[in-house]
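Data first, discussion second: the structure below is written as structure tokens.
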Amino acid sequence: MIGDLSHVLSGLQNPPLNVWMCVCVCVCVCVCELGYLLHSSTVTKVTSPFFPSTVFICSFMVAAPIFGYLGDRFNRKVILSCGIFFWSTVTLLSSFIGKEYYWLFVLSRGLVGIGESSYSAISPTIIGDLYTSNSRTMMLSVFYLAIPLGYGLGYILGSGAKDAAEDWHWALRVSPFLGVTVGALILLFVPDPKRGSADDMEGRISHSHSWLSDMKALTKNRSYVFSSLAAAAVSFATGAFGMLIPIYLFRAQVVQKEVEACTKKVCSSRDSLIFGAITCVTGLLGVVIGAGATRFFRRRTERADPLVCAISMMGSAIFICLVFVVAKNSIHGAYVCIFIGETLLFVNWALTADILMFVVIPTRRATAVAFQSFTSHLLGDAGSPYLIGTISDALQEKFASSELWKFLSLGYALMLCPFIIVVGGMFFLATALYFLDDREKAEK
């Protein structure tokens, strides 16, 4: 990874531009990392995260298309920095909300979602206007490495601040100061490159598209539509896993008589922490493997991006199925299958964004990124934990007193995830069919 990155940077011909591009990517990485740091440090410190998380996701979905529209038409670094200042301020203020005003804390999560949607729609498009081809794939991979790093740092900094102050509110008072710093760096050092400058398309693209014409063009872009549906499949699985796999593994240990069934309101978070650590590591590995595999296979086929995504999704489904086979007898075996399955699932994180950059014109990319985020949350993690939880509850309704049936019913419900992942892999295969045609249309 480091060797590839050095090769990319050394290949840039303009040294001053090289410096600015490096600074821009580094700051964008900090933005992404900070966003997930804020999210994880907040969610992990709330006793009942389901409702605040739902409000966060819903507000994120609603706000993303708005920032996508703005990001295609106005100064992106100003929008980006304002969003960071906003969500940092809201996070800090929310740390002073008492238990009697829980509804206000939930509202603050919604406001954080609005601020966070600003960077998700805009940051990738800035990188897309600085790099092309393998260089862009590598830099988008560096950018998306910040997601697992942010989650990991959120757990570490949030837990450290909480333990040091013996008050979980302090978990929310550390990261906002980092946010203000990053916002200032954006205003001072990050350029707002002309849309299409990296692709040499500045004189060949129109800047006067209406929002409706943008949406009409995107719905006709088959590669964009299929890759967005595939991204929704990934979001469905990761959303359900994040909420329910720790519960499933705990129930597996109860069945194996390794732990006692939890009858308290707040149960042990050991499995959640282990699963969180695995997710951080597999996220890093997945993004690195995805970048390297795509770089390698591009020498053999121009459809490398969607094909690598499709193959990794199919492989992921196999190992995630094995989780539910081995969990009853071996927790360690289940963790191994989770590790491999998640690594393969996260291979497509950066590649999905790279596919979008290839098939969507520069003046429409922020809108495209925003609506891809909207659909992936709407069809994915906004409802998957509740759908699978409802199926599990329905299955165990008649046998609620049986710990074995509680474990099995949740496992049967979670088997929906590998099925959805396979469907996502098929969407990536469909993307591969139309990828070259849509890329050619975007280039023209």
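Listed values, structure above:
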{"quantity": "Residue satisfying all of: in the range 182-202; more than 23 Å from P65 (Cα to Cα) and open to solvent by 80 Å² or more (accessible area, probe 1.4 Å); modelled with the lowest pLDDT among these", "calculated": "E202"}
{"quantity": "Odd one out for Q396, checked against (1) at pLDDT 95 or above; (2) closer than 30 Å to V254 by Cα; (3) not aliphatic (A, V, I, L, M)", "calculated": "(1)"}
{"quantity": "Residue in the range 366-385 that is in a helix (DSSP H, G or I), farther than 24 Å from S123 by Cα and in contact (Cβ under 8 Å) with a residue 24 or more places away in the chain present", "calculated": "yes"}
{"quantity": "Flag if L410 is in a helix (DSSP H, G or I), in the same structural domain as M314 (by the TED database), open to solvent by 60 Å² or more (accessible area, probe 1.4 Å) and not small (G, A, S)", "calculated": "no"}
{"quantity": "Evaluation of I126 against (1) at pLDDT below 80; (2) buried (at least 21 other Cβ atoms within 10 Å of the Cβ) (one fails), failing number", "calculated": "(1)"}
{"quantity": "Residue satisfying all of: in the range 51-80; under 14 Å from A370 (Cα atoms) and aromatic (F, W, Y); least open to solvent (accessible area, probe 1.4 Å) among these", "calculated": "F60"}
{"quantity": "So L345, is it assigned by the TED database to the domain that holds A413, surrounded by 24 or more Cβ atoms within 10 Å (Cβ to Cβ) and touching a Gly at 6+ places or on another chain (Cβ under 9 Å)", "calculated": "yes"}
{"quantity": "Number of the exception - I274 against (1) modelled with pLDDT under 85; (2) buried (at least 21 other Cβ atoms within 10 Å of the Cβ); (3) among the hydrophobic types (A, V, I, L, M, F, W, C)", "calculated": "(2)"}
{"quantity": "Residue match in the range 292-309 (condition: assigned to a helix (DSSP H, G or I), touching a residue at least 60 places away in the same chain (Cβ under 8 Å), over 27 Å from I122 (Cβ atoms) and touching a Ser or Thr at 6+ places or on another chain (Cβ under 8 Å))", "calculated": "yes"}
{"quantity": "Residue within the range 327-340 that is more than 16 Å from the chain's Cα centre (by Cα), open to solvent by less than 10 Å² (accessible area, probe 1.4 Å), modelled with pLDDT under 90 and not small (G, A, S) present", "calculated": "no"}
{"quantity": "Yes/no for D393 being crowded, with 19+ Cβ neighbours inside 10 Å and charged (D, E, K, R)", "calculated": "no"}
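The values are calculated or read from the model by the stated rules, or taken from the named source; none is laboratory data. Just so it is clear, the structure is predicted and the values come from calculations on it, not from any experiment. Here the Cβ is made from the backbone with ideal geometry for all residues, glycine too, and neighbour counts use every protein chain on show. Ligands, DNA and RNA are stripped out before the accessible areas are found, and what is left, the full protein with its side chains, is counted by its heavy atoms. Shrake-Rupley method; radii C 1.70, N 1.55, O 1.52, S 1.80 Å.
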